[in-house]
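The values are calculated or read from the model by the stated rules, or taken from the named source; none is laboratory data. Remember, it's a predicted structure, so these values are computed and weren't measured experimentally. All Cβ positions, glycine included, derive from the backbone under ideal geometry; neighbour counts span all protein chains shown. Keep in mind that these areas ignore ligands, DNA and RNA; they rest on the heavy atoms of the full protein, side chains included. Shrake-Rupley method; radii C 1.70, N 1.55, O 1.52, S 1.80 Å.
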Amino acid sequence: MSGPLAVRFVATALLLLAGGHQVAAFVGREPAARELSPAAIERLEALGYEPWVAERRPPRRTGVVHHVPERAADGYVLFASRGACSAELIDRHGAVLHRWAGPVRGFWSDTELLRDGSLLVVGADSDDRVRQQEDRFLRRLAWDATTIWEADLPAHHDVEALPDGRILTISSQVRTIDDGGTPRTIVDDEVVLLDDAGKVLETRSLFDAFAATPGVAVYGLDRRGVDIGGSVAVDVFHTNSVEWIDLPQLAGTHPVYAPGNVLVSMRHQNAIAVLDRSRGGLAWVWGSGVLDGQHSARMLASGNILVFDNGLRRKRSRVLEIDPRRAPADAVVWEFDGGDAERFFTTGGGASQRLPNGNTLVTVTGQGRLLEATPDGELVWAFANPTRDAHTTRRATIHASKWLPAEYVLPIVARNG
């Protein structure tokens, strides 16, 4: 299939049978990086999540800049303006239904709107990377943006509210591990489950999950470490998305869909994986030689996975749809990269979401843009963040966005006014 914006079918990777599971081969060396020196790889991965995007001259149009109503999805979009430490809920014409704002320090990344009108926010109170362990937060804000609670952990990147009220996020800890007899100090990411009051119920180490899975290994343990709160540690995972897998209709058809599994994206491993919480290991790992600094792995109702592939070395981003039931060499079943007319690229951030009408909402973080494309690649909606820095002409970037249906949003707005 080919369309106006060059949707393509592609595939690559290897297969390894391990522990009764299909696990993509991932044995401590990243094929996509062979042409670059370790120092060059580290420079690419050190590119930060910019809070602001420099404005063009003359200024770029902002708000909704393109809309094909008969082909775009109805509903609303929630997004956070990273550098402005604010979030907005807008309709498809760009009108703001509600705005939450905090003190402008640090950044806001992901947000989640709850049914009572409160907002979960993951962010940090400063941009100081040395202090990031101390400054990161997960907060629940009321409709008026006052703080209801703050979790006692350095949450980062992503948060998901589960139907039963529990909350899923990512945290991290600095620890020393044994790498074949050599001690390494690393930043180990953890999948964290909390109750609706922000109390930690469970943590699962990703390093321990790798160690418990035959045939896989953590890539890049010997890289140069970074100073994090007085400790020099290697950020080996840089996990940037987490999602609870809840597909009872597919349970038993493949290890990926076992109840309670969790899907994660690990930027510095160039891989997405499914954490098997019942076994403590990984049910599936994929991405070696294909993904390049990716973000935002999301499970679809079909059992496929949508992922935003940043393309650090290509300097061009794309969205991929993966079928984890296929052999890794045939796993990619759909790709969207904007074609020649709307090509996009962001070094950090980026997200994608499949909408009920089959379209895909794409967040291009570094450009402060949202795009909606049809399955055949036609652009039917585009939005440029109008939120600006009070002291310059720069616009705020958007780490991630979420489409929400009217039946979810309108009762919340009506109750809270």
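If you check ARG343 against the conditions, is it within 26 Å of ALA382 (Cα to Cα) and open to solvent by 30 Å² or more (accessible area, probe 1.4 Å)? So ARG343 passes the test. Here PRO214 does not qualify as closer than 19 Å to LEU168 by Cβ, open to solvent by 10 Å² or more (accessible area, probe 1.4 Å) and either part of a loop (DSSP other than H, G, I, E, B) or β-branched (Val, Ile, Thr) (or both).
For residues that are part of a strand (DSSP E or B) and free of Cβ contacts under 8 Å to residues at least 24 places away in the same chain, tally how many sit in the stretch 227-259.
0
Evaluated against (1) surrounded by fewer than 15 Cβ atoms within 10 Å (Cβ to Cβ); (2) among the hydrophobic types (A, V, I, L, M, F, W, C); (3) free of Cβ contacts under 8 Å to residues at least 60 places away in the same chain, ALA101 falls short on exactly one condition, (1).
Identify the residue in the stretch 261-291 that is assigned to a loop (DSSP other than H, G, I, E, B) and open to solvent by 10 Å² or more (accessible area, probe 1.4 Å) and, among all such residues, is nearest to VAL234 (Cα to Cα). Show your work before the answer.
To start, the set of residues in the stretch 261-291 that are assigned to a loop (DSSP other than H, G, I, E, B) comprises 261, 270, 277-280, 287-291.
The next check asks that each one be open to solvent by 10 Å² or more (accessible area, probe 1.4 Å); those that pass are 277-280, 288-290.
Working: ARG277: 25, SER278: 28, ARG279: 26, GLY280: 23, SER288: 20, GLY289: 22, VAL290: 23 Å.
Looking at residues that are assigned to a loop (DSSP other than H, G, I, E, B) and open to solvent by 10 Å² or more (accessible area, probe 1.4 Å), I get SER288.
It is to be established whether one or more residues within the stretch 190-212 are touching a Ser or Thr at 6+ places or on another chain (Cβ under 7 Å) and either modelled with pLDDT under 95 or of a type in the set (Lys, Arg) (or both). Looking for residues that are touching a Ser or Thr at 6+ places or on another chain (Cβ under 7 Å) and either modelled with pLDDT under 95 or of a type in the set (Lys, Arg) (or both), one finds none in the stretch 190-212, hence no. The residues of the stretch 158-189 that are of a type in the set (Asp, Glu), open to solvent by 30 Å² or more (accessible area, probe 1.4 Å) and at pLDDT 95 or above, listed by number, are GLU160, ASP164. Each residue in the stretch 293-320 was checked for being touching an Asp or Glu at 6+ places or on another chain (Cβ under 9 Å), open to solvent by less than 10 Å² (accessible area, probe 1.4 Å) and not β-branched (Val, Ile, Thr), and 13 pass. Inside the stretch 139-169, residues that are aliphatic (A, V, I, L, M), part of a loop (DSSP other than H, G, I, E, B) and more than 12 Å from LEU193 (Cα to Cα) make up a count of 2. Inspect the stretch 99-107 for any residue being within 28 Å of PHE383 (Cα to Cα) and among the charged types (D, E, K, R) and give the result as yes or no. Within the stretch 99-107, one or more residues are within 28 Å of PHE383 (Cα to Cα) and among the charged types (D, E, K, R).
Annotation note: Cβ proximity below 6 Å between a residue of the stretch 152-168 that is within 18 Å of ARG267 (Cα to Cα) and a residue that is assigned to a loop (DSSP other than H, G, I, E, B) (sequence gap 6+ or interchain) occurs for no pair.
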